[in-house]
Amino acid sequence: MKSIVSDSYSVHFDKTAFEALNSHLSSQDYSSIFILVDENTHELCLPQFMSEITVDYNFEIIEIESGEVNKTIETCIGVWEALSELGADRKSLLINLGGGVLTDLGGFVASTFKRGINFINVPTTLLSMVDASVGGKTGIDLGPLKNQIGVINQP
């Protein structure tokens, strides 16, 4: 499948995605790189993902609990605190490896941490591939109201 390139970001598939990611990471001067996962993507996706990374960075892993019930401001606070404790700054990158909840929440966290750091979404579910990881929609739920808090920010 061919990559889809827009003015603000690109969408890559299969091995092309890893080639593009490695090229991007090699060409940038990120101070630190964080990977946001949930317990499922930590176990099932992260090992494969890391095996495809060829650049020499020290990646920090931040894990949240899976599920829509955790798409909250409290979870965001936990990730913001982890980023702060691990020394993230304006030149840091957040890679969101997961489904729709994780890419929505991770994009929101990155868009608001220190008034915005770069982020890359790596969707792991079909729904997140066509909904949450493209279009710049980021956000969290407000109680029972889905996607009430967020910003539009391109990955």
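The values are calculated or read from the model by the stated rules, or taken from the named source; none is laboratory data. Small disclaimer: the values here were computed from a predicted structure and weren't measured. Positions of Cβ are generated from backbone atoms using ideal geometry, with glycine treated the same way; all protein chains shown enter the neighbour counts.
Of the residues making up region 22-73, those that are assigned to a helix (DSSP H, G or I) and in contact with a helix residue (DSSP H, G or I) (Cβ under 8 Å, 6 or more places away or on another chain) are T41, E68, N70. When S84, S111, S133 are checked against the criterion of being out of contact with any Leu (no Cβ under 7 Å at 6 or more places or on another chain), over 12 Å from I35 (Cα atoms), polar (S, T, N, Q) and at pLDDT below 95, a single residue qualifies: S133.
Just one of the listed residues (A17, A88) is buried (at least 18 other Cβ atoms within 10 Å of the Cβ) and touching a residue at least 12 places away in the same chain (Cβ under 8 Å), namely A88.
With respect to L105, determine if the residue is in contact with a Cys (Cβ under 7 Å, 6 or more places away or on another chain) and assigned to a helix (DSSP H, G or I). So L105 passes the test. Looking across region 46-78, the residues that are small (G, A, S) and within 17 Å of F34 (Cα to Cα) come down to S51, G78.
What tally of residues in region 98-111 results from selecting those that are surrounded by fewer than 24 Cβ atoms within 10 Å (Cβ to Cβ) and in contact with a strand residue (DSSP E or B) (Cβ under 6 Å, 6 or more places away or on another chain)? Matching residues across region 98-111 total 1.
If you take the residues in region 106-131 that are in contact (Cβ under 8 Å) with a residue 60 or more places away in the chain and among the hydrophobic types (A, V, I, L, M, F, W, C), which one is nearest to E74 (Cα to Cα)?
This residue is V109.
Kindly check whether there is at least one residue in region 133-140 that is more than 13 Å from I73 (Cα to Cα), out of contact with any helix residue (DSSP H, G or I) (no Cβ under 7 Å at 6 or more places or on another chain) and crowded, with 21+ Cβ neighbours inside 10 Å. No, because not a single residue in region 133-140 is more than 13 Å from I73 (Cα to Cα), out of contact with any helix residue (DSSP H, G or I) (no Cβ under 7 Å at 6 or more places or on another chain) and crowded, with 21+ Cβ neighbours inside 10 Å. Put simply, of D14, D7, D56 the only residue that is on the phi > 0 side of the Ramachandran plot and modelled with pLDDT under 95 is D14.
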